[in-house]
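Engineer: This is the structure I have questions about; it appears just below.
The values are calculated or read from the model by the stated rules, or taken from the named source; none is laboratory data. The model shown is predicted, which means the values in this text are computed figures rather than measured ones. Here the Cβ is made from the backbone with ideal geometry for all residues, glycine too, and neighbour counts use every protein chain on show. Ligands, DNA and RNA are stripped out before the accessible areas are found, and what is left, the full protein with its side chains, is counted by its heavy atoms. Shrake-Rupley method; radii C 1.70, N 1.55, O 1.52, S 1.80 Å.
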Amino acid sequence: MSAIYSEIPACKNLADIGADHGYISINYAINNANSLVVASDISAKSVEKAKITAAKYNLSNYKTTVGDGLEPIKDFDIDVVLISGMGGEEIIKILENSKIYSLYILSPQKNADKVRKFLSEKDLCPIKDYKVLSESKFYDIIVCTSGVYKPTEFELNFGKGEGDDFKLFSSLTIKNLKELLEVANDKAKDALLHKLQLLEGAK
């Protein structure tokens, strides 16, 4: 969460989509008192947790709303859209057929490759795309804005391939792929070998 928080520019109006407890957006509202922060979730029960916490801090700049995707924030003047804690296919569903915002911070829990493909089709270009290791799990963080995006096959699968956490991800994944290749059937081997070649070729 700290890595995601660090990507949000100061003094911007933020929408936290699928906010749940709203830890990131509440911290942002505390540290950016002149910014509007809107926490939205499809579950009224979930977003109520954020509302209660915000009330404890007397955050007049923190609003909560209930609804699906970006629909509940359409009437707010939003600069940055944060979507984290859900799968890539769900993120795509939220972003498709919506208006374009200035900046997106996305952290898909899975299917990040599908998110990148979608971004290229919607003319949203990652300015950062990296992995963060937290509690023995690697998370993708994609920061993007409007622009032409023509990712390589490596970028579609793994992002920009930058940072120490990516180096660790790469070495562990290469080791795992080699182990899987030893027991995989012929049908699965091609896909595994292709991923291995992509990672090894980037070293």
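Engineer: Is there a residue being farther than 24 Å from SER2 by Cα and among the β-branched types (Val, Ile, Thr) anywhere in region 96-116?
Structural biologist: yes
Engineer: With the checklist (1) within 14 Å of the chain's Cα centre (by Cα); (2) among the aliphatic types (A, V, I, L, M); (3) over 26 Å from TYR130 (Cα atoms) in hand, flag the one item MET86 doesn't pass.
Structural biologist: (3)
Engineer: Please enumerate the residues belonging to region 117-175 that are farther than 21 Å from LEU198 by Cα, β-branched (Val, Ile, Thr) and not in a loop (DSSP other than H, G, I, E, B).
Structural biologist: ILE127, VAL143, THR145
Engineer: Another question, then. Identify all residues within region 124-136 that are open to solvent by 30 Å² or more (accessible area, probe 1.4 Å) and either modelled with pLDDT under 95 or touching a Leu at 6+ places or on another chain (Cβ under 8 Å) (or both); write none if there are none.
Structural biologist: If the condition is that a residue be open to solvent by 30 Å² or more (accessible area, probe 1.4 Å) and either modelled with pLDDT under 95 or touching a Leu at 6+ places or on another chain (Cβ under 8 Å) (or both), then CYS125, LEU133, SER134, GLU135, SER136 are the ones that fit.
Engineer: Restricting the search to region 24-58, which residues are in a helix (DSSP H, G or I) and either in contact with a Ser or Thr (Cβ under 8 Å, 6 or more places away or on another chain) or on the phi > 0 side of the Ramachandran plot (or both)? Lay out the reasoning, then the answer.
Structural biologist: First, the residues of region 24-58 that are in a helix (DSSP H, G or I): 24-31, 44-56.
Passing the criteria: ILE24, ILE26, TYR28, ALA29, VAL47, GLU48, ALA50, LYS51, ALA54.
Engineer: Mind listing whichever residues of region 147-197 are in contact with a Phe, Trp or Tyr (Cβ under 9 Å, 6 or more places away or on another chain), closer than 30 Å to VAL81 by Cβ and not acidic (Asp, Glu)?
Structural biologist: Selection gives PHE158, GLY159, LYS160, GLY161, GLY163, PHE166, LEU168, PHE169, SER170, THR173.
Engineer: Using the structure shown, decide if LYS110 is in contact (Cβ under 8 Å) with a residue 24 or more places away in the chain, over 16 Å from TYR149 (Cα atoms) and open to solvent by 50 Å² or more (accessible area, probe 1.4 Å).
Structural biologist: No: the conditions fail for LYS110.
Engineer: Additional query: Out of (1) over 20 Å from ASP140 (Cβ atoms); (2) of a type outside the set (Ser, Thr, Tyr); (3) open to solvent by 70 Å² or more (accessible area, probe 1.4 Å); (4) at pLDDT 95 or above, the odd one out for LYS49 is which?
Structural biologist: Just one mismatch for LYS49, condition (4).
Engineer: What number of residues within region 21-46 are of a type outside the set (Gly, Ala, Ser), touching a residue at least 40 places away in the same chain (Cβ under 8 Å) and crowded, with 20+ Cβ neighbours inside 10 Å?
Structural biologist: 2
Engineer: Which of the residues belonging to region 4-23 are at pLDDT below 95 and farther than 17 Å from GLU71 by Cα?
Structural biologist: Result: HIS21, GLY22, TYR23.
Engineer: Here is a further query. Report, by residue number, each residue of region 167-203 that is touching a strand residue (DSSP E or B) at 6+ places or on another chain (Cβ under 7 Å) and open to solvent by less than 50 Å² (accessible area, probe 1.4 Å).
Structural biologist: Result: PHE169, single match.
Engineer: Please specify each residue of region 66-97 satisfying the condition of being outside any helix (DSSP H, G or I) and open to solvent by 30 Å² or more (accessible area, probe 1.4 Å).
Structural biologist: VAL66, ASP68, LYS74, ASP75, PHE76, ASP77, ASP79, GLY85, MET86, GLU96, ASN97
Engineer: Here's another thing I want to ask about it. Tell me which residues, restricted to region 46-78, are closer than 18 Å to LYS12 by Cα and either out of contact with any strand residue (DSSP E or B) (no Cβ under 8 Å at 6 or more places or on another chain) or among the charged types (D, E, K, R) (or both).
Structural biologist: Residues satisfying the conditions are SER60, LYS63, LYS74, ASP75, ASP77.
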